[in-house]
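Participant: For reference, the structure I am asking about is given below.
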Amino acid sequence: MDGILHATPLYATPGNPIPGEPVAGFFKGHRGVMLRYAIFRSELPARGTVVLLHGRNETIEKYFETIRDLNAAGLWVATYDFRGQGGSQRLLKDSRKGHVHRFSDYIRDLDIFLEQIVLPDTRLPFFLLAHSTGGLVALSAAPRLANRIDRMVLMSPFVGLGGQKLSPKNIHRLSALMSLTGFGRMCLTADEPLKPFDDNPLTSDMQRFQRNNAIFAAHPEFALGPPTARWLYEAQKTIARVSNPRHLASITVPTVIVAPGNDPIVPFAFPEKLSQYFRAGQLVPVPGSRHEILHERDRYRAQALAAFHAFIPGGDDAPAAEAVEKSPETIEE
């Protein structure tokens, strides 16, 4: 297939083996940016394909555990590293900077991925599972996904920003000013090394935290530093657009939003407010969980997976929220 290579390996690290025998390679995204992708086939009869969208500063390798869980349920997984991160082509000379020219570039990349990789090489029906920034991409693209994606599950979607020294308003003002005056490639904060486990905002599971950090330790070329002013400006514009009730009313793809209750990055109030105007969406709270719920302790992760499997592929009548309430793993702090 034109523009697609099949020679890029995936990388195993201690405690994080590669699931099965995936097909991996590059495809050309919007404006020719090379994006690394992989398809993981289930050994069971196919029940469909999950298109997996990552968060900022994440890689395919970080989702090996979740991919293995999905394959065990008879679901294929098709995923790729977003432009400017992971094993995909970087956009700036300083590869540590998390940058994007337009947030719509992510949407165009997703369109190309669905058309060139998912449609010809995987199995119907198609579902979408997205985390954080991936959730914002999914919400932005959702009105045009109605005839391609049957259902979506968004984990901790990036629909608001918390835990920063500056207020969201001041971040928006400063990032807008820098973007519009030629300084959009600069970062608002300094680059920092990997943070220790104590007080991290991502997960309360030390083993999974260390496993994920080991990926970047073994392959530092995959890691990002802080986002640029342009990335923040584009992301906040997109958050405002997808949070508009008119945009939410235009989404017809049935959606479940899984929202951690102890998330300092995207505080629970943001997805809760969004869900009030989202007719096609259902909110599933997971009290106690931090931001990266698929990398959390089993007590929280099991609730997220229970919500997912109650909703996808859609054969069960039980709503996702009811399935979580009945799960024996549901334990609050």
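Participant: So is A146 out of contact with any helix residue (DSSP H, G or I) (no Cβ under 7 Å at 6 or more places or on another chain), touching a residue at least 60 places away in the same chain (Cβ under 8 Å), over 23 Å from E43 (Cβ atoms) and part of a helix (DSSP H, G or I) or not? Let's see the steps before the verdict.
Facilitator: Details: out of contact with any helix residue (DSSP H, G or I) (no Cβ under 7 Å at 6 or more places or on another chain): yes; touching a residue at least 60 places away in the same chain (Cβ under 8 Å): yes; over 23 Å from E43 (Cβ atoms): yes; part of a helix (DSSP H, G or I): no.
The answer is no for A146.
Participant: As an exercise: evaluate T238 against (1) touching a residue at least 60 places away in the same chain (Cβ under 8 Å); (2) among the hydroxyl-bearing types (S, T, Y); (3) in a loop (DSSP other than H, G, I, E, B); (4) farther than 28 Å from Y300 by Cα and give the number of the one condition it does not meet.
Facilitator: (3)
Participant: Pick from segment 57-71 the residues that are charged (D, E, K, R) and crowded, with 20+ Cβ neighbours inside 10 Å: which of them is nearest to the chain's Cα centre (by Cα)?
Facilitator: Once the filter is applied, the top-ranked residue is E58.
Participant: Give the residue, chosen from R102, R47, that is of a type outside the set (A, V, I, L, M), over 29 Å from A310 (Cα atoms) and modelled with pLDDT of 95 or more. Give the derivation first.
Facilitator: On the way: R47 fails: over 29 Å from A310 (Cα atoms).
Of the residues listed, the single one that is of a type outside the set (A, V, I, L, M), over 29 Å from A310 (Cα atoms) and modelled with pLDDT of 95 or more is R102.
Participant: Would you be able to say whether some residue in segment 82-104 is of a type in the set (V, I, T) and either more than 15 Å from L224 (Cβ to Cβ) or out of contact with any Phe, Trp or Tyr (no Cβ under 7 Å at 6 or more places or on another chain) (or both)? Before the answer, list the steps.
Facilitator: If we filter segment 82-104 for residues that are of a type in the set (V, I, T), which is where we start, we get 100.
Checking which are either more than 15 Å from L224 (Cβ to Cβ) or out of contact with any Phe, Trp or Tyr (no Cβ under 7 Å at 6 or more places or on another chain) (or both) leaves us with none.
Scanning segment 82-104, I find no residue that is of a type in the set (V, I, T) and either more than 15 Å from L224 (Cβ to Cβ) or out of contact with any Phe, Trp or Tyr (no Cβ under 7 Å at 6 or more places or on another chain) (or both), so the answer is no.
Residue by residue, here is whether (1) over 18 Å from the mean Cα position of the chain (by Cα); (2) of a type in the set (S, T, N, Q); (3) crowded, with 24+ Cβ neighbours inside 10 Å holds:
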| position | (1), (2), (3) |
| --- | --- |
| E43 | yes, no, no |
| R47 | yes, no, no |
| A73 | yes, no, no |
| Q85 | no, yes, yes |
| L91 | yes, no, no |
| S104 | no, yes, no |
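Participant: Follow-up question, since we're still on this one. When only residues in segment 145-180 that are surrounded by 15 or more Cβ atoms within 10 Å (Cβ to Cβ) and basic (K, R) count, which is nearest to D105 (Cα to Cα)?
Facilitator: Selected residue: R148.
The values are calculated or read from the model by the stated rules, or taken from the named source; none is laboratory data. The shown structure was predicted, so the numbers you read here are calculated from the model rather than taken from an experiment. When we count neighbours, we look across all protein chains shown, and the Cβ atoms used for this are built from the backbone with ideal geometry, even at glycine.
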